[in-house]
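Coordinate-derived values only; no laboratory data. Every value quoted in this text rests on a predicted model; they were computed, and no experiment measured them. For neighbour counting, all protein chains shown are included, and Cβ atoms are generated from backbone atoms with ideal geometry for every residue, glycine included.
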Amino acid sequence: MENQLAKKAGQILSWLGFSLFLIVFINMVQAPRITIGSEEREIMRNFHIFAGTFLMAISMFRVYLWIHFPPQKNHRLLPEQDYTFIHFLQFFLYCSFIAQGISGFLMAWSDGAIRFMQGIDTIDHGLWTISGYLHSAFGFLYIMLILIILILRLYHMLRFRVFSLNVFA
Amino acid sequence: MFSLDMRKYVNNARGMHWLFIVFIIGIAFYLPFLIFGAFPYNTKTNTNPVEMEKLLDGIEAVDFYAMNQYLPKSSEEIQKEIDAFETWEGGKCRFCHAVKKDDRDRMAPTLYGIFGRPAGVGNNYTYSDALINMKGNGLIWTPETLDAFILNPSNYIPGNRMRVEGIEDPETRKLIVNYLMRESKPIKGE
């Protein structure tokens, strides 16, 4: 893949990632308030799994592109170290989405929400607890990363006059 | 796996950047415990039958569920109990606790057959030291002790991991206790 093509693909994936993140985030905030076992809750959970899987797939592709076609610094006013730091955090943001997806998949699988073979019981409360804890931890991680990136962007704007609110790179 | 450019890219990030990311990963892994009281693994067996017998030794056997006959019977009242226990606007209890025998275990211990049971004995859950101490102190869950606990959990058992505010309204607490009396009744012989 050529550099220009990779750059374009990276931009599209970033926007897709951002949109899916928003959808999953709204779902994540609303779903826990709906009573367990209700039909509405089941629908929201299935939608969460569906949208989350897409977000993980997009993040995987984005990380692949990032590794093979690292972003190039194009802000003249931004010092090298600040540029590296913010991209370092953004790279980890995508990694946390992937980790979130894997732990979420394990959680759904061990809760019986995802089944690949009929009649085979995959319910495992021990695995559900571990993967659930990790899913929650990675959720906190990406929320913190997003907040830190936003604060850094604001700092860059005030200090170096580099205006960008791009969190998803 | 990493291309040469990526290696250069990562190497450019200073040690402080790595330290920072490790630090926030550490915080992220602590937050589910701090905010939700979650624990990353379960203790399969907390109490064996011999220990259980010892815990209940000398305690008058009371079948709390026998009092179910005095519970309100109107569908309106039953719906109120369900709302108090299960909804976000009510006590939020159902979000973490299983109640019936065939309910899937959730983040908190199951409340199936809770009345007459010593504290901290449910299996498949890792209890806080506070609950384990209360087990040693002989706390038995009764409608009265449960009511006192949900009034102010952190005051009744300091250091427990049920991270919810107490329910001040006595009517809501009564509805929750009634719900549990009705729904968590163990199947005969268990």
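Spacing of the modelled spin labels on B:L19 and A:S164, each 7 Å from Cα toward Cβ, amounts to 2.6 nm. Largest first, the extents of the alpha carbon coordinates of the range B:34-144 on the three principal axes equal 42, 37, 24 Å. Ranking of A:F138, B:F64, B:F33 by neighbouring Cβ atoms within 10 Å, starting from the fewest: B:F33, B:F64, A:F138. In terms of other Cβ atoms within 10 Å, A:D82, B:D169 run from fewest to most in the order B:D169, A:D82. Reported value for chain B: 190 Å³ per residue, from the convex hull of its C-alpha atoms.
Pairs of Cα atoms in the range A:75-169 fall into 10 Å distance bins, from 0 up to the last occupied one, in shares of 16, 34, 21, 16, 10, 3, 0 percent. Along its principal axes, the protein assembly as shown has C-alpha extents of 79, 41, 38 angstrom, given from the largest down. Its relative contact order, with pairs defined as Cα atoms under 8 Å and 6+ residues apart, puts the range B:49-183 at 25 percent. Model label sites at B:K100 and A:I12, defined 7 Å from Cα along the beta-carbon direction, differ in position by 4.9 nm.
Size descriptors for chain A: radius of gyration and Dmax over Cα atoms are 18.3, 61 Å.
Ranking of B:K101, B:K80, B:K73 by neighbouring Cβ atoms within 10 Å, starting from the fewest: B:K73, B:K101, B:K80.
Taking only the C-alpha atoms of the range B:9-96, Rg followed by Dmax gives 24.3, 73 Å.
For the listed residue pairs B:K73/B:K135; B:K44/B:K73; B:K73/B:K188; B:K80/B:K101, the alpha carbons are over 28 angstrom apart in B:K73/B:K135; B:K44/B:K73.
Projected label points at A:N27 and B:Y65, each 7 Å from Cα along the beta carbon direction, are separated by 3.8 nanometres. Using the Cα gyration tensor of the range B:99-138, with a ≥ b ≥ c the square roots of its eigenvalues, what is the shape: rounded (a/c below 1.5), prolate (a/b larger than b/c) or oblate (neither)? Cα axes put the range B:99-138 in the oblate bin. Applying 1/(1 + (r/R0)^6) with r as the Cβ-Cβ distance of A:L77 and A:I143 and R0 = 30 angstrom yields a FRET efficiency of 0.55.
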